[in-house]
Amino acid sequence: MTTAINIKSASTNIVNLPVLEISKLAVGYRGSEGFQRVVHEVSLLVRPGEVVALVGESGSGKTTTAQAVIGVLAENGQLESGVVRLNGTDIAGWSQKQLDTIRGRKISLIPQDPTSSLNPVKTIGAQVAEVLQIHRQGSRAEIDARVIELLARVGLSQPELRARQYPHELSGGMRQRVLIAIAVALRPALIIADEPTSALDVTVQKRILDLIDELRREYGTAVLLVTHDLGVAADRANHIVVLKGGRIHEQGPTAEVLASPRSEYTRKLLADAPSLGKARIARTRSPRVSGSDDAIVVGNLVQDFSIGGRRDVFRAVDGVSFTVQRGTTHAIVGESGSGKTTTARSIVGFQRPTSGRIIVEGIDVTNLRGESLRRFRKTIQLVYQNPFASLDPRQTIFQIVEEPLLNFDPLPREDRARKVQAILERVGLPQPVLTRRPHALSGGQRQRVAIARALVLDPQVLVLDEAVSALDVTVQAQILALLNELQQALGLTYLFISHDLAVVRQISDTVSVLHNGRQVDGGPVEDVFQRPGSAYTRELIGAIPGQRNADRH
């Protein structure tokens, strides 16, 4: 593990003085049931030039801790007790007016979502300039010049053009670079990076993390990195703090925590992280081929879309071909815009391809129309990425799972009820869940409901479109184990759409790598990982987090 950079100083004491010291921090929220503490006596240090990773699942208290440090808790949030020292000064009791004097100048935040964090009606240049104007960092001309310099510094091409553009005109990775430019504009002593890459593709994630690391080395800035991704923490942090239920379960130098975790919870997190456990998984995963028949055949698939009603077309999928043997898992991987979801939608029959051949369980999907297309839905079902958005919030769980039976199978009510109960039991959900609505379930439980709804019609093929990407690592591991169990028991064929190559290597038999609509690699998953045939595949594999630590040990 890379050690923290040395900051030259006349005094060793100054070097060792923490930029951030949190001592016995307690934070809670007021709600309808009174005050509830969610962070319990958290203590940690961040030294100059050091990266400290705050890791844990959703609800562990990591974001609340970070927000308490910089004073941006929700209105019902309260820093109950504890000390927050920034360069030796306790800022825990400061007013918002006092905190405004150091935000941006001494401490900055890189938020998680660049889409909601940037003002849609202000130009990029105006938003970067704002922090400079608040702290009176020069004349208007000097600030304008500094904006261009900052946008160039964070790697944005044509910075003069970007300064005049609005957020919607930039990609997600470009918007995140803008947030970094704002965060480093005044060269603060501490940057809090709250899941800064969780919504980005793996290669874009690597570039953003490389940029933060480069700026840290250049300016000697300390970084508090909030992440649920242990692979990212393993690669980037000098020190790891593991949170669960608002309490610290373990902390220490990264190499020590990864090599000899003391907490059972930390051991479980490490075991469940695909990028850190890939070698073990690759050795133990057994072939699941149950026959030589092909469940899915895709031949020279082309999918064009018209642009703005004009004659111009955009080719989203360009000549993609692959086959999937029955009872196996085939992954389609690539970055956003690679054509993987478009390919999946064509296979499911949601859109008619421009040209090419799609055969699913002996059915020519391209020729289906009307009722025959509707009946085809029983053969193949889709499980979506976001379990929070894919379930009707007005329905009970029983109604959600029962609905496909009402649409396809005219079964008596008692038979439908038995089938719903049986499939919920199959995916590991208890009977009391039947009467609840989605908002009362956890993310993992909701995704189990989505899988149950897809399976209730006894399909032969499941298309899983980023079906575990929105889940914490431990819940993700549980869902992947469930999918494996269901495949073995029911002989299912999976088409797994993902940008996460670590997960793909864990669960897939074969893989197709898409780039700009074209298939640039494909074959048995281990062959592709060990002998990638394209520079793009090598870049994707090289960007998997967690490999730096693996290389050192």
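The values are calculated or read from the model by the stated rules, or taken from the named source; none is laboratory data. Since we're looking at a predicted model, the values are computed, not measured. Cβ coordinates were reconstructed from backbone atoms using ideal geometry, including for glycine residues, and neighbour counts include every protein chain displayed.
Residues that are crowded, with 21+ Cβ neighbours inside 10 Å and part of a loop (DSSP other than H, G, I, E, B) within segment 157-194 comprise Ala185, Pro188, listed in sequence order. Every listed requirement among (1) over 24 Å from the mean Cα position of the chain (by Cα); (2) modelled with pLDDT of 90 or more is met by Asn407 save one, (2).
Within segment 34-67, the set of residues being polar (S, T, N, Q) and assigned to a loop (DSSP other than H, G, I, E, B) comprises Ser58, Ser60. Beta carbons closer than 8 Å, at least 6 apart along the sequence or on distinct chains, pair a first residue in segment 336-360 that is free of Cβ contacts under 8 Å to residues at least 60 places away in the same chain with a second that is outside any helix (DSSP H, G or I) and basic (Lys, Arg) for Ser346/Arg352; Gly349/Arg377. Among all positions in segment 144-155, there is no residue which is at negative phi, of a type outside the set (Val, Ile, Thr), free of Cβ contacts under 8 Å to residues at least 24 places away in the same chain and assigned to a loop (DSSP other than H, G, I, E, B). Please give the number of the condition Arg311 fails out of (1) modelled with pLDDT of 95 or more; (2) in a loop (DSSP other than H, G, I, E, B). Result: Arg311 fails condition (1) only.
The single condition among (1) under 22 Å from Thr328 (Cα atoms); (2) buried (at least 20 other Cβ atoms within 10 Å of the Cβ); (3) touching a helix residue (DSSP H, G or I) at 6+ places or on another chain (Cβ under 6 Å) that Val528 does not satisfy is (3). Sub-6 Å Cβ pairs linking a first residue in segment 391-410 that is assigned by TED's automatic domain parsing to the domain that holds Ile423 and on the phi < 0 side of the Ramachandran plot to a second residue that is of a type in the set (Ser, Thr, Tyr) and modelled with pLDDT of 90 or more, at least 6 apart or interchain, are Thr396/Thr435, ordered by first then second residue.
Taken over segment 93-129, the residue count meeting the criterion of being of a type in the set (Gly, Ala, Ser) and either touching a residue at least 60 places away in the same chain (Cβ under 8 Å) or outside the structural domain of Gln205 (by TED's automatic domain parsing) (or both) is 3.
For (1) outside any helix (DSSP H, G or I); (2) among the basic types (Lys, Arg); (3) touching a Cys at 6+ places or on another chain (Cβ under 7 Å); (4) surrounded by fewer than 22 Cβ atoms within 10 Å (Cβ to Cβ), each residue gets a yes or a no:
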| position | (1), (2), (3), (4) |
| --- | --- |
| Leu211 | no, no, no, yes |
| Glu214 | no, no, no, yes |
| Val226 | yes, no, no, no |
| Ala234 | no, no, no, no |
| Val242 | yes, no, no, no |
| Gly252 | yes, no, no, yes |
| Arg262 | yes, yes, no, yes |
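So is Ser292 at pLDDT 85 or above and either closer than 19 Å to Thr379 by Cα or hydroxyl-bearing (Ser, Thr, Tyr) (or both) or not? Considered against the rule, which asks whether it is at pLDDT 85 or above and either closer than 19 Å to Thr379 by Cα or hydroxyl-bearing (Ser, Thr, Tyr) (or both), Ser292 comes out as no. Residues of segment 42-53 that are touching a Gly at 6+ places or on another chain (Cβ under 9 Å) and modelled with pLDDT of 95 or more: Val42, Ser43.
Scanning segment 518-545 for residues that are touching a residue at least 24 places away in the same chain (Cβ under 8 Å) and among the hydroxyl-bearing types (Ser, Thr, Tyr) yields a single hit, Thr537.
The residue list Ala454, Ala422, Ala481, Ala417 contains one member that is buried (at least 21 other Cβ atoms within 10 Å of the Cβ) and of a type in the set (Gly, Ala, Ser), which is Ala454.
Of Gly59, Gly104, which residue is buried (at least 17 other Cβ atoms within 10 Å of the Cβ) and on the phi > 0 side of the Ramachandran plot? Full working, then the answer.
Details: Gly59 fails: buried (at least 17 other Cβ atoms within 10 Å of the Cβ).
Every option except Gly104 fails the conditions.
Using the structure shown, decide if Glu218 is at pLDDT 90 or above, more than 22 Å from the chain's Cα centre (by Cα) and either assigned to a helix (DSSP H, G or I) or within 20 Å of Asp472 (Cα to Cα) (or both). Taking the combined requirement at face value, the residue does not satisfy it. Is it true that some residue in segment 333-352 is surrounded by fewer than 14 Cβ atoms within 10 Å (Cβ to Cβ) and out of contact with any Cys (no Cβ under 6 Å at 6 or more places or on another chain)? Yes.
Any residue at all in segment 390-404 that is in contact with a strand residue (DSSP E or B) (Cβ under 7 Å, 6 or more places away or on another chain) and closer than 11 Å to Val449 by Cα? There is no residue in segment 390-404 that is in contact with a strand residue (DSSP E or B) (Cβ under 7 Å, 6 or more places away or on another chain) and closer than 11 Å to Val449 by Cα.
Based on what the data block shows, is Thr197 buried (at least 22 other Cβ atoms within 10 Å of the Cβ), polar (S, T, N, Q) and within 24 Å of Gly88 (Cβ to Cβ)? No, not satisfied. Residue-level check: of (1) out of contact with any Lys or Arg (no Cβ under 9 Å at 6 or more places or on another chain); (2) surrounded by fewer than 22 Cβ atoms within 10 Å (Cβ to Cβ); (3) in contact (Cβ under 8 Å) with a residue 40 or more places away in the chain, Val504 misses just (2).
Out of Ile182, Ile192, Ile212, which single residue is within 22 Å of Glu57 (Cβ to Cβ) and assigned by TED's automatic domain parsing to the domain that holds Thr115?
Ile192
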